[in-house]
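> Sharing a structure with you now.
Every number in this text was worked out from the coordinates using simple rules, so none of it is lab data. Source: prediction; values computed, not measured. Here the Cβ positions follow ideal geometry from the backbone for every residue, glycine too, while neighbour counts run over all protein chains shown.
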Amino acid sequence: MAMSHVIGGAGESPARLAVRTVSLADLKAALNKGIDDFSAMPSHAVFLCLIYPIAGLVLGRLAIGYDVLPLLFPLMAGFALVGPFAAIGLYEMSRRREQGLDISWRHILDVRHRPTFGAILILGLLLMAIFLVWIAVAQSIYVATFGYLPAASIPDFLEQVLTTPAGWTLIALGNGVGLLFAVLVLTISVVSFPLLIDRDVGAAGAILTSVRVVLANPVIMAAWGLIVAALLVLGSIPLLFGLAVVMPVLGHATWHLYRRAVEPNPGAPPELTPEPPGKRYAAEFPAALFARSRDDVA
């Protein structure tokens, strides 16, 4: 695939993509549609398969030493930095459901056949680079405040962070710098990945459109960022279990936020209102993950 196509795309000029003014009502509607998509296409098992191996590695590292403790919070916060790329399959499933297409989970990786897949990978690598820079900066902030000596134990680490001036400095500086990274990622990715799944505008066009959406709606996009952060925190509290629901809902909701923030392609199929899913029963798990309702498997 030619690099010029990956960067510039072959479809509409990004400058011609009309962005809309969105409101808090649009955020609420996007979240409601995200919940509806998740109810119709539950993907919690997929995210459990991703979350718990990561959690196991971290806990295993903690079992043999506490030098990873200073990076535990930055690593968890990093979910928000790479989340837009991790959710590309969810955008595709929401798009298919919106257009009344087959929504079985064998289509979750269909994005790899799209002409924009190269641009999606480029943006994904960009987010990963930002994540790695964030981890390096977080480590540097810790070393600058506490030095290279690792914490002796978890209680010792918490006491250092919560009850000492150096710990308060770490909290203030770390959260301040982390906020800048979060704003950067939100600005360049709030609609860029769904846009690339929907239209061939290239990586540069997707980033430019995302920036234009944020500039047109700074307060509402800030509110969206706070909603995402709050839900990720709530999902992380019960041993990360809640992320298996929070992350898919946010992924689906992001697609619907894109649909409200960017004018649709005039040649695209009309947006449909999906039928409500049928009743589900515990005995159907895990088969229910791959069928929209009981009628689908009749």
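> What distance in nm lies between label points placed 7 Å from Cα along the C-beta direction at Leu226 and Ser104?
For Leu226 paired with Ser104, the spin-label model returns 4.5 nm.
> Right, something else. Neighbour counts of other C-beta atoms within 10 Å: give me His107, His252, His113 arranged from fewest to most.
Fewest to most other Cβ atoms nearby, the residues stand as His113, His107, His252.
> Using a basic spin-label model with each label point 7 Å from the Cα along Cα→Cβ, how many nm lie between Asn32 and Asn265?
Output for this residue pair reads 2.8 nm.
> May I ask you to sort Phe181, Phe193, Phe73 by Cβ crowding, counting other Cβ atoms within 10 Å and putting the fewest first?
Final ranking by Cβ density, sparse to dense: Phe73, Phe181, Phe193.
> When the chain is fully extended, how far beyond the present Cα-Cα distance does Ala166 get from Leu132, taking 0.36 nm per residue of separation?
9.8 nm
> Compute the FRET efficiency between Leu72 and Leu121 as 1/(1 + (r/R0)^6), taking r as their Cβ-Cβ distance and R0 = 22 Å, and round to the nearest 0.05.
The formula returns an efficiency of 0.15 here.
> Distances over 17 Å make up what percent of all Cα-Cα pairs in region 73-163?
Tail of P(r) above 17 Å: 64 percent of Cα pairs.
> Next question. So for Thr21, Thr145, fewest C-beta neighbours within 10 Å to most, what's the order?
Ascending Cβ contact count within 10 Å gives the list Thr21, Thr145.
> Here is a further query. How much length would be gained if the chain were fully extended between Arg112 and Arg20, taking 0.36 nm per residue of separation minus their Cα-Cα distance, in nm to one decimal?
So the chain would gain 30.3 nm between Arg112 and Arg20.
> Still on this structure: Percent of Cα-Cα pairs per 10 Å bin, from 0 to the last occupied bin, for region 130-232, please list those.
14, 33, 28, 16, 9, 1
> Counting only the backbone N, which residues of region 169-213 are under 13 Å from the spot 7 Å out from the Cα of Gln139 toward its beta-carbon?
none
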